[in-house]
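Below is one structure, written out as structure tokens; the observations come after it.
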Amino acid sequence: MFNPKSPRGRLSGKLAKKPQYVLVTENGEERTSNVTDAKIMKAVYNVDSNEYVYLMKCRPVILVRETECFALCFYSDLSFAAFFEVKGIIFRMVKSGVSYDEATDIMCDFFQTAQLPDMSGWVCEKRKAPTQHTESNLSVDGEDFRHFGCADVVAALENIIEGKSKWLLYDFTGENGGYINIHRHNKDGEAPEYKVEWVKWTEPTPIGYHAIVSDLTRLRRWLWDFAAEHKYPDPAPEWKSFDVKDTFQRLTFKFLNEEDKSDNTSDNNER
């Protein structure tokens, strides 16, 4: 049973809140970047209802060149796994019969100091084939960020919700590449709404959807899934599809026409 009086549940300050981590529970339905030792411990001891507890480090632990550990997972069958990426290939090291206390210690050590357990005797499993190299970009109110993690993407959304920023654009290249754009719309005397647009660069025809939403819980979940796992929102009635190629062509023509008008104005002024 979860014990809130345990030393693991009483940490505060920087060690108790590390925004570069994401904790996933409720069979993948609930996730938060506001992670603490107490939340990890509670999730582990409630793993039967959670199905699994997944702790992801947005900036993976680099072990050697092109080898990094990005997540730990404790399952309801008492198995424990550490996830690694090696030259684009995902592996997991698995151990069975892990107690709640041991799982808590491993996850909290990973959370506090990025420490990994001794994996001698653990079983290695290959999870998926090599993927293309991925590059991500984040832009907030026109300012581009070169070095960032998924926690920074989440923080950018929180700034939009709090009215500190107006919009963000997060995109990535490579396999499953695409982008998501979130723009705040203020309404007089009413709660703000958020225009969300996402595009997946599928071949030969890209897929695009947009929606106006006010549900902050779903908005946060969509962005967390997108930033952390490059998972696109599931189809829902509020999503309206649009012709991506046609939209971008019209935007290009509009931009070129505005440039032509600007050039003509400059020529007339010179005359």
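Name the shape class, rounded, prolate or oblate, that the alpha-carbon gyration tensor gives for the stretch 136-255, where a ≥ b ≥ c are the square roots of its eigenvalues, rounded holds for a/c under 1.5, and otherwise prolate holds if a/b is larger than b/c and oblate otherwise.
Rounded shape, in that the Cα axes give a/c under 1.5.
Which residues' amide hydrogens lie under 5 Å from the amide hydrogen of G177, considering only partners 5 or more residues apart or on another chain, with H built in the peptide plane?
Answer set, sorted by chain and number: W201.
Test of understanding: ordering V24, V61, V44 by Cβ neighbours within 10 Å, fewest first, what list do you get?
Ordered from fewest to most neighbouring Cβ atoms within 10 Å, V24, V61, V44 come out as V61, V24, V44.
Where Lys and Arg each count +1 and Asp and Glu each count -1, what net charge lies around L168 among other residues with Cβ under 14 Å from its Cβ?
Once all neighbours under 14 Å are counted, the net charge is -3.
Could you pull out the pairs from K57/K187; K57/K166; K195/K231; K39/K231; K95/K200 whose alpha carbons sit more than 29 Å apart here?
K57/K187; K95/K200
Efficiency by 1/(1 + (r/R0)^6): what FRET value for E203 and E51, r their Cβ-Cβ distance, R0 = 41 Å, to the nearest 0.05?
For E203 and E51, the calculated efficiency is 0.75.
HN-Hα J couplings of the stretch 222-233 from phi, Karplus 6.51/-1.76/1.60, θ = phi - 60°, integer Hz, Gly and Pro as x?
4, 5, 4, 4, 5, 6, 7, 10, 6, 9, 7, x
Report the extension gain between E26 and E162 in nm, rounded to one decimal, defined as 0.36 nm multiplied by the number of residues separating them, less their alpha carbon distance.
46.3 nm
So, in nm, how far is label D141 from label I212 when the simple model puts each one 7 Å beyond its Cα toward the Cβ?
Here the answer is 2.4 nm between the modelled labels.
Calculated FRET efficiency, A236 and D118, Cβ-Cβ r, R0 45 Å, to nearest 0.05?
0.50
Every number in this text was worked out from the coordinates using simple rules, so none of it is lab data. Bear in mind the structure is a predicted one, so any value in this text is a computation, not a measurement. Here the Cβ is made from the backbone with ideal geometry for all residues, glycine too, and neighbour counts use every protein chain on show.
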